[in-house]
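Worksheet for the structure shown next.
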Amino acid sequence: MEVFFQQLINGVTLGSIYGLIAIGYTMVFGIIGMVNFSHGDVFMVSTFIALIALMILTTWLGVGSILIALMIVLIVAMVFTSLVSWTIERVAYRPLRGSFRLAPLISAIGMSIVLSNFVQVAQGPRNKAIDPILNNVFVLSAAGGYQVTLSYKQILIVVVTAALLAVFWWVVAKTPLGRAQRACEQDRKMAALLGVDVDRTISITFVMGAALAAVAGTLYLVYYGVVNFSDGFTPGVKAFTAAVLGGIGSLPGAVLGGLLIGLIEVFWSAYFSVEYKDVAAFSILAIVLIFMPQGILGRPDVEKV
């Protein structure tokens with residue numbers, strides 16, 4: 001049981017990171033119906049922005065408090081990552097919005113390659129690491145020589161994910177911006193006729209998704225302590241899988257899907273074979289989509305005639 005509870009904690013922590021990235025996928029797809037495949041690499045860029053900001057604060061400026069440094073790093077990562085995503089939307093996606101459906105998809109894949117190669121050239125192909133931070137742990141139980149522990153950084157990841165989910169759900173459900181986003185999701189042409197600035201709404205949605213990816217990137221850096229230019233692909237694909245599994249277009253569904261993917265991955269690695277953890281996660285996705293094509297919390301499409 002100790003091993004089970006430890007893996008449960010690890011799975012919830014990993015799934016929370018996937019859930020934050022998945023919200024960006026589900027928000028963009030819900031409004032413009034496009035899978036933003038560059039979102040995983042936007043997440044990767046945010047990890048390097050957080051790494052550089054943390055190095056500047058702790059090494060050059062001598063900020064001693066790690067909590068203050070992390071708060072500043074989080075703000076810097078959110079601002080610069082949002083700027084990157086806003087630029088991508090304006091340059092690579094908006095000109096193709098009225099084109100045939102595959103054009104934005106091809107552009108998204110191209111932007112993913114551009115971001116990945118740019119970071120590889122700018123930062124090098126080797127892993128970049130930081131000194132371990134927030135490594136203090138609580139020992140929850142100990143039996144048979146095995147300890148169940150909960151670290152400060154795991155608590156931070158879960159609390160931040162829950163708080164951001166609540167904030168963004170409130171924004172989408174209760175604010176004028178959220179009403180504009182939901183109107184664009186249902187019918188962009190009619191929303192424009194009723195006075196909604198569709199271009200502005202879509203740009204803000206990209207910025208919101210990038211800000212969440214920046215939070216996930218900072219937490220990823222804190223949790224693992226090492227980043228690489230190739231870190232955008234696998235977490236990005238798993239986050240997209242989480243969005244589809246939870247129900248594309250549903251913010252709670254994105255986080256729920258992330259938690260499920262994280263739990264499946266961790267438990268499969270612990271009890272079966274670590275080499276096939278990705279196979280297990282995608283197999284569960286296929287099974288769910290066969291019997292629930294709309295996802296767990298998604299709403300089935302209703303075609304009105």
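The values are calculated or read from the model by the stated rules, or taken from the named source; none is laboratory data. From a predicted model like this one, the values you see are computed outputs, not experimental measurements. Cβ: placed from backbone, ideal geometry, glycine included. Neighbour counts: every protein chain shown. Each accessible area value is taken on the protein alone, full model and side chains, heavy atoms only, with ligands, DNA and RNA left out. Shrake-Rupley method; radii C 1.70, N 1.55, O 1.52, S 1.80 Å.
Of 205, 201, 218, 161, all but one fail to be among the polar types (S, T, N, Q) and within 13 Å of residue 22 (Cα to Cα); the exception is 161. Residues in the range 251-260 that are open to solvent by less than 20 Å² (accessible area, probe 1.4 Å) and over 11 Å from the mean Cα position of the chain (by Cα): 251, 253, 257. Kindly indicate whether residue 44 is at pLDDT 90 or above and open to solvent by 20 Å² or more (accessible area, probe 1.4 Å). No: the conditions fail for residue 44. Restricted to the range 182-228, and to residues there that are open to solvent by less than 30 Å² (accessible area, probe 1.4 Å) and free of Cβ contacts under 8 Å to residues at least 24 places away in the same chain, the residue that is nearest to residue 152 (Cα to Cα) is 198. Please find, among 87, 13, the residue that is under 30 Å from residue 124 (Cβ atoms), more than 17 Å from the chain's Cα centre (by Cα) and modelled with pLDDT of 90 or more. On inspection, the qualifying residue turns out to be 87.
Among residues that are under 21 Å from residue 116 (Cβ atoms) and either open to solvent by less than 60 Å² (accessible area, probe 1.4 Å) or part of a helix (DSSP H, G or I) (or both), residue 231 is included.
Against the conditions (1) closer than 24 Å to residue 243 by Cα; (2) touching a Phe, Trp or Tyr at 6+ places or on another chain (Cβ under 7 Å), residue 24 satisfies every one except (2). Taking the range 261-302 as the search range and keeping residues that are farther than 13 Å from residue 241 by Cα and of a type in the set (S, T, N, Q), which one is surrounded by the most Cβ atoms within 10 Å (Cβ to Cβ)? Of everything passing the filter in the range 261-302, 269 is surrounded by the most Cβ atoms within 10 Å (Cβ to Cβ). Of all the numbered requirements in (1) closer than 22 Å to residue 215 by Cα; (2) part of a helix (DSSP H, G or I); (3) of a type outside the set (Val, Ile, Thr), residue 249 misses one, and that requirement is (2).
Give 207, 215 a once-over and let me know the one that is touching a Leu at 6+ places or on another chain (Cβ under 8 Å) and either among the hydrophobic types (A, V, I, L, M, F, W, C) or on the phi < 0 side of the Ramachandran plot (or both). Residue meeting the stated conditions: 215. May I ask you to list the residues in the range 1-30 that are surrounded by 24 or more Cβ atoms within 10 Å (Cβ to Cβ), within 20 Å of residue 201 (Cβ to Cβ) and not polar (S, T, N, Q)? Result: 23, 24, 25, 27, 28. Taken over the range 137-172, the criterion of being more than 19 Å from residue 220 (Cβ to Cβ), open to solvent by 40 Å² or more (accessible area, probe 1.4 Å) and assigned to a helix (DSSP H, G or I) is satisfied by 166, 167, 169, 170. Of everything in the range 239-248 that's open to solvent by 10 Å² or more (accessible area, probe 1.4 Å) and under 13 Å from residue 293 (Cα atoms), which residue is modelled with the lowest pLDDT? If we take residues in the range 239-248 being open to solvent by 10 Å² or more (accessible area, probe 1.4 Å) and under 13 Å from residue 293 (Cα atoms), then 248 is modelled with the lowest pLDDT. Hydrophobic (A, V, I, L, M, F, W, C) and over 24 Å from residue 4 (Cα atoms): is that true of residue 206 in this structure? Criteria met by residue 206. Taking the conditions exactly as written (part of a helix (DSSP H, G or I) and out of contact with any strand residue (DSSP E or B) (no Cβ under 8 Å at 6 or more places or on another chain)), does residue 264 satisfy them or not? In short, yes.
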